[in-house]
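Worksheet for the structure shown next.
The values are calculated or read from the model by the stated rules, or taken from the named source; none is laboratory data. These numbers come from a predicted model, not from an experiment. All Cβ positions, glycine included, derive from the backbone under ideal geometry; neighbour counts span all protein chains shown. Just so you know, the surface numbers come from the protein's heavy atoms only, side chains and all, with ligands and any DNA or RNA stripped out. Shrake-Rupley method; radii C 1.70, N 1.55, O 1.52, S 1.80 Å.
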Amino acid sequence: MRHGEDSVVVEALLAEFRELLGSEAVLTDVEEFCDPYDPTDLAHRPAAVVQPASVGEVQAIVRAAARYGVPIWVSSQGRNNGYGGSAPVLAGSVVVNLRRMNRILEVNERLGYVVVEPGVRFFDLVDHAEATGGAWWPSTPSLGWGSVVGNTVDHGFGSTEFGDHAAAVAGLEVVLPDGSLLRTGMWASSTSTSYGTHPRGFGPNITPMFMQSNLGIVTKLARWVSPRPESYAAVTAHADDPDALAPLIDATELLVQEHTVRNIPNLTTSLGAAAMRAPRSHWTRAGVPMPDEDYRALCAALGTGWYNLRLALYGPSAVVDAQLDRVRTVLSSAVPGVRISVNRIRGEDVSDETVRTHADRVQAGRPSMMMLETAKWWSDDGGHLELAPIAPATGADAVRIADLLRPRLEAEGFDFWPSLYISGRSLMFLAVMNFDRHDPSRVQAAYRVAEGAIPALAEAGYSLYRGNIRHMDLIQSTYDFGDHAYRRFVEGIKDLLDPVGILAPGKQGIWPTRYRPEHRD
Ligand code: ADP
């Protein structure tokens, strides 16, 4: 049996799932679990979806899939849209979707951590915080409909001090491919009281091995959250000079390294803000690239700059006063003429009514659905694909990546749409391609850009940190030191833990023995 395509075997497995979990837990209408931005692609279409309601059911599913040799793919909410949604690398896989496991199991306000099941959405976490007095803020990506677990295990970013979500995990509970249950970090001790507070246990730290991973299914996650600050200051800096990219990045990195700024700042052009208001046709009649005069008119209409930086400060009022002074000094001397605006508010007054812009909300750990509007740039029925290389956080590196990507994007009819996240000593350079998801020629154009840019970026020193299901082999191939020693190491572990090769074959370019010959040069 290969690829789960043997319908007789899959049917037998689904019959067993119905028996185990009840027929309402097994879906054969898979539309919602295909790639939302390439809906006609059969190469990544799942055979069925199973929705367990408990850890015991996840264990039973894994054991049955191994007996039948049918590949499974995991999604929590399955909203990882630019990367494939719930769609598997291998067509014919059965999606194990964890939406029904949606309990917030623990909140420790005093020490600042939560323990959640995989179906808990960022919206749920914020609602729960509000309903219980709002003394803590989670970190969240822009959109609130995805799950805390799905985003975190895919190395997602948010915009608060715990915005590097994978780094804010204390421990995991994981179902292994043989159906057994493991807890990591301090949680490996069944009597531990610090599973939510300390990020490692005794011995090699294996928590990160279950993120971007096909070695296990995460069924519980403990992660840190922030105390609601006395004072919150959302800072925006607009620079009108097209050459301001490098000095803005260098100044921001200085502020981050010296810990004046502790969140994850974000730098963009004004296209995202424009797209939240109206489609491209509202702003220009020209093709790609948009003429500079149209772009400047767009910025003027929005009151934004050629580049826009957002960052946030949190803490006791006197501390935020001092940080704000320092931010103004550093940014103004790096970028003469930079326009700085500040939305300063007491933490306890922050709500959807008092904090209205996307930037000011997300930095206060409040997700929304506003960013979804940006996909409508070309058509009401838009999709998007991102390239996400990692670079050292220097202005020179940011400019080098911009110079490399811009001509490639524009040659295929995509506006150059950068969004840079500065985290610690690195930056993540997100280049967004928007398209009409029902126009296959535009979807293919985005894939072409990715297939050309991924090796070119790696050659220049910038491998990607995350990727679409179609590009996982290509991205993994750029992690090539020692004749792909890293991939060999992980695949060795894969074969030990998952000898039948059922759990998410091909995820992140990691294949079990069974499929390796046909997926390797
Ligand atoms: P979200 O819930 O944020 O929408 P997805 O469910 O789309 O996220 O999953 C994002 C990525 O993380 C996918 O590659 C998926 O396979 C993986 N993933 C999601 N949930 C789990 C889990 N519980 N255990 C292991 N991997 C997971």
Report task. Select the helices (runs of 4 or more DSSP H) contained entirely in region 450-521, then report the ones holding at least 1 residues which are surrounded by 16 or more Cβ atoms within 10 Å (Cβ to Cβ) and within 16 Å of the ligand (Cβ to nearest atom). Result -> 472-477, 481-497
Query raised in the report: Does VAL153 satisfy the condition of being within 12 Å of the ligand (Cβ to nearest atom), of a type in the set (A, V, I, L, M) and open to solvent by less than 20 Å² (accessible area, probe 1.4 Å)?
Result: no
Query raised in the report: Under the condition of being in contact (Cβ under 8 Å) with a residue 24 or more places away in the chain and among the hydrophobic types (A, V, I, L, M, F, W, C), which residue from region 130-147 is least open to solvent (accessible area, probe 1.4 Å)?
Result: TRP136
Report summary line: Considering residues that are among the polar types (S, T, N, Q) and either touching a residue at least 60 places away in the same chain (Cβ under 8 Å) or outside the structural domain of THR236 (by TED's automatic domain parsing) (or both), the number found within region 285-332 is 4
Requested in this report: Considering (1) acidic (Asp, Glu); (2) more than 24 Å from ALA375 (Cβ to Cβ); (3) away from the ligand (no atom under 12 Å from the Cβ); (4) buried (at least 23 other Cβ atoms within 10 Å of the Cβ), say which one GLU117 fails and leave the rest.
Outcome: (3)
Query - Given (1) touching a strand residue (DSSP E or B) at 6+ places or on another chain (Cβ under 8 Å); (2) over 23 Å from ARG100 (Cα atoms), index of the condition SER7 fails - result: (1)
**Report entry** Count of residues meeting criterion [surrounded by 22 or more Cβ atoms within 10 Å (Cβ to Cβ) and within 14 Å of the ligand (Cβ to nearest atom)] in region 178-188
**Finding:** 1
Requested in this report: Would you confirm whether any residue within region 98-105 is within 9 Å of the ligand (Cβ to nearest atom), touching a helix residue (DSSP H, G or I) at 6+ places or on another chain (Cβ under 6 Å) and open to solvent by less than 40 Å² (accessible area, probe 1.4 Å)?
Outcome: no
Requested in this report: Assess whether ALA388 counts as being closer than 28 Å to VAL126 by Cα and modelled with pLDDT under 95.
Outcome: no
Requested in this report: Give me a count of the residues in region 39-76 that are within 15 Å of the ligand (Cβ to nearest atom), of a type outside the set (A, V, I, L, M, F, W, C) and open to solvent by 20 Å² or more (accessible area, probe 1.4 Å).
Outcome: 5
Query raised in the report: Just for region 194-237: of the residues that are assigned to a loop (DSSP other than H, G, I, E, B) and within 30 Å of SER341 (Cβ to Cβ), which one is nearest to the ligand (Cβ to nearest atom)?
Result: VAL225
Query raised in the report: Can you find a residue in region 285-308 that is under 14 Å from ALA234 (Cα atoms) and crowded, with 16+ Cβ neighbours inside 10 Å?
Result: yes
Report task. Go through (1) touching a Gly at 6+ places or on another chain (Cβ under 7 Å); (2) within 14 Å of the ligand (Cβ to nearest atom); (3) of a type in the set (A, V, I, L, M) and name the single condition VAL95 misses. Result -> (1)
Report task. Just one of (1) open to solvent by less than 10 Å² (accessible area, probe 1.4 Å); (2) under 12 Å from LEU221 (Cβ atoms); (3) within 16 Å of the ligand (Cβ to nearest atom) trips up VAL175, so point out which. Result -> (2)
